[in-house]
Amino acid sequence: MKFAKIYSAQNHLLKAHLITIEIDLSLGLHSFSVVGLPDKAVEESRDRVSAAIKNSGWKSPKQTNTKIVVSLAPADIKKEGPSFDLPIALGYLLASGNINFDTERKMFMGELALDGTVRPIRGVLSYARLAKEMEFKEIYVPKENADEAALIEGINVFGVEKLSDVVTHLEKLEGSILTITPTVSIEKIRNEIIYKTNLDDVVGQETAKRGLIIAASGGHNIALYGPPGTGKTMLARALSSILPLLSFEEMLEVTEIHSVAGCLEEKIISRPPVRSPHHTASYASLVGGGNIPRPGEITLAHRGILFLDEFPEFEERVIESLRQPLEDKIISIARASGRAKFPAHFILVAALNPCPCGNRNVKDKQCTCSMNQINAYKRKLSGPIMDRIDMWIEVSKVDYENLLRGRGENNETKKAREMVVAARARMEERFKKLGIKANLNSAIDHHDLARAALLSPKALEILNRAAYTHDLSGRGYHRTIKLARTIADIEQSEKIEEPHILEALQYRQKHFKNT
């Protein structure tokens, strides 16, 4: 055989595409070319594949008088990364007659070391999902990625350590060691979850804790402001401990995003992710970017928490880039080479000081900031951004004698998580009953707000009076209702009553403006 065809896959944006690899051999002066929009890593596969084949016991392609052409189709998709090494090597061995096996309904991917070892790659979960959708029967991936691929049921996943092992298995030779990777136990992974910071670790700050419960229940954005060292960062980290674990479909979605981005640190992400970029992070690192757009921190926080400490210290355009995801739950990236939309449904937790030095209005401490500095500090947060944050909570100093109090037994965390789960269950039941496409109160469309968030006459009167008094925007008006609806769900109330709307109104940003 002088021709072979084998199947692999390539991630473009967050979607996997089937790649057909065709290998053609013809007599002549030796050459080895790869066509089909390959990047540098794909082009360099020629040397990796040749060395891996030689060191696995076959004759190196470089030692033959053969013209080798490898075509990666479709040709209009940019091919990136080293994941085509394994299928190219198998395709060459097949075309040259060194091995023989049926390539149909089989998909291959993996980077080859020079000695024939198969190295891990990124994006395997989306490849496995694609393989199942296209009715492939088997998928061969690096051993380190096998558990990730095995999350997709209905397809046989084989973890590969060496090129020679794949050949032995495919030719059904004696000594085959490849076995089907068993499905990962989701319950076992969930039982192994340990939170480094819980609500029980936070001393005092009852108002802030209440705010976290409300934010976690309805998916509301929250800002914590106060002097340095009062526990803002600890509170933000504790939020993840009271969020419900992800559903299986959400796990797959989040794990797939992190796998494609190359930052997957565990087999599967079963709890809401927490991303906390430093305030010096660039615009591209948060939003995403590149010639072929890749997800940034905003997308990596999807279904979880985006914690921005020292919020006003971020670049102004980084802060402004949050407008779209906070409103529409997506982030759009436009480049000359293409356009991408990435999911970005997260809870924003912003922590900030009352002024650049942090000592404004702090007892026994002198603020060294001028009014110009304070005004410039606050101007970094534009009105539209502040309006999109539902809750502004002041975090005050805690008495010293309470700081060494022993850690609790997770009772507070457990109770808070139960409140959040119960509130979300009530939301889900209401949305299902009314036929509303939303998963949390914060995501209710304004067209459905009147049906999903019924206000008592007294609550409506208070809201309208406050809206005129504090000059609420239309967005602020709607967000206040959504927040009050979440508070009502926590209190197990069918309607939004007077106490619920009053509590929601006290969280508006007017307090921060006046600090």
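Look at residue 181 and say whether it is under 30 Å from residue 504 (Cα atoms) and among the polar types (S, T, N, Q). Spell out the reasoning first.
Values: under 30 Å from residue 504 (Cα atoms): no; among the polar types (S, T, N, Q): yes.
No.
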Exercise for review: Please list, ordered by first then second residue, the pairs with beta carbon atoms under 8 Å, 6 or more apart or interchain, first in region 210-229 and closer than 19 Å to residue 438 by Cα and outside the structural domain of residue 484 (by TED's automatic domain parsing), second of a type in the set (S, T, N, Q) and surrounded by fewer than 24 Cβ atoms within 10 Å (Cβ to Cβ).
Suggested key: 215/221; 218/442; 219/439; 219/442; 220/442; 221/442
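Within region 173-193, can you find the residues that are in contact (Cβ under 8 Å) with a residue 40 or more places away in the chain and charged (D, E, K, R)? Spell out how you get there, then give the answer.
Pass one, region 173-193, residues in contact (Cβ under 8 Å) with a residue 40 or more places away in the chain: 184, 186, 189-190, 193.
Across region 173-193, the qualifying residue is only 190.
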**Study point:** All strands (runs of 3 or more DSSP E) inside region 10-94 with 1 or more residues being within 23 Å of residue 134 (Cα to Cα) and in contact (Cβ under 8 Å) with a residue 12 or more places away in the chain
**Key:** 15-27, 66-73
Point to revise | region 246-267, subset more than 13 Å from residue 120 (Cα to Cα) and among the acidic types (Asp, Glu), residue surrounded by the most Cβ atoms within 10 Å (Cβ to Cβ) | key: 256
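Restricting the search to region 278-296, which residues are crowded, with 19+ Cβ neighbours inside 10 Å and within 26 Å of residue 355 (Cα to Cα)? Can you show your working first?
To start, the set of residues in region 278-296 that are crowded, with 19+ Cβ neighbours inside 10 Å comprises 286-288, 293-296.
Scanning region 278-296 gives a single hit, 286.
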Revision key, fill the gap. By residue number, the members of region 303-320 that are free of Cβ contacts under 8 Å to residues at least 60 places away in the same chain, surrounded by 20 or more Cβ atoms within 10 Å (Cβ to Cβ) and touching a helix residue (DSSP H, G or I) at 6+ places or on another chain (Cβ under 6 Å) are 303, 318
Review point. Which condition breaks for residue 366 when tested against (1) more than 18 Å from the chain's Cα centre (by Cα); (2) surrounded by 13 or more Cβ atoms within 10 Å (Cβ to Cβ)?
Key: (2)
Practice item. Quick one: count up the residues across region 185-207 that are closer than 22 Å to residue 362 by Cα and either basic (Lys, Arg) or in contact with a Lys or Arg (Cβ under 8 Å, 6 or more places away or on another chain) (or both). Key: 2
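Take residue 216 and decide whether it is farther than 30 Å from residue 428 by Cα and crowded, with 23+ Cβ neighbours inside 10 Å. Steps first, please.
On the way: farther than 30 Å from residue 428 by Cα: no; crowded, with 23+ Cβ neighbours inside 10 Å: yes.
Here the answer is no, as residue 216 does not meet what is asked.
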Review point. What pairs can you find where one residue is in region 443-458 and outside the structural domain of residue 326 (by TED's automatic domain parsing), the other is in a strand (DSSP E or B) and at pLDDT 90 or above, and their Cβ atoms are less than 9 Å apart, with a gap of 6+ or different chains?
Key: 453/496; 454/496; 455/496; 456/496
Check your understanding: For residue 451, are the conditions met, namely being under 23 Å from residue 348 (Cα atoms), in a helix (DSSP H, G or I) and among the basic types (Lys, Arg)?
Key -> no
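The values are calculated or read from the model by the stated rules, or taken from the named source; none is laboratory data. None of these values were measured; they are calculated from a predicted model. Note: ideal-geometry Cβ built from the backbone for every residue, glycine included; neighbour counts use all protein chains shown.
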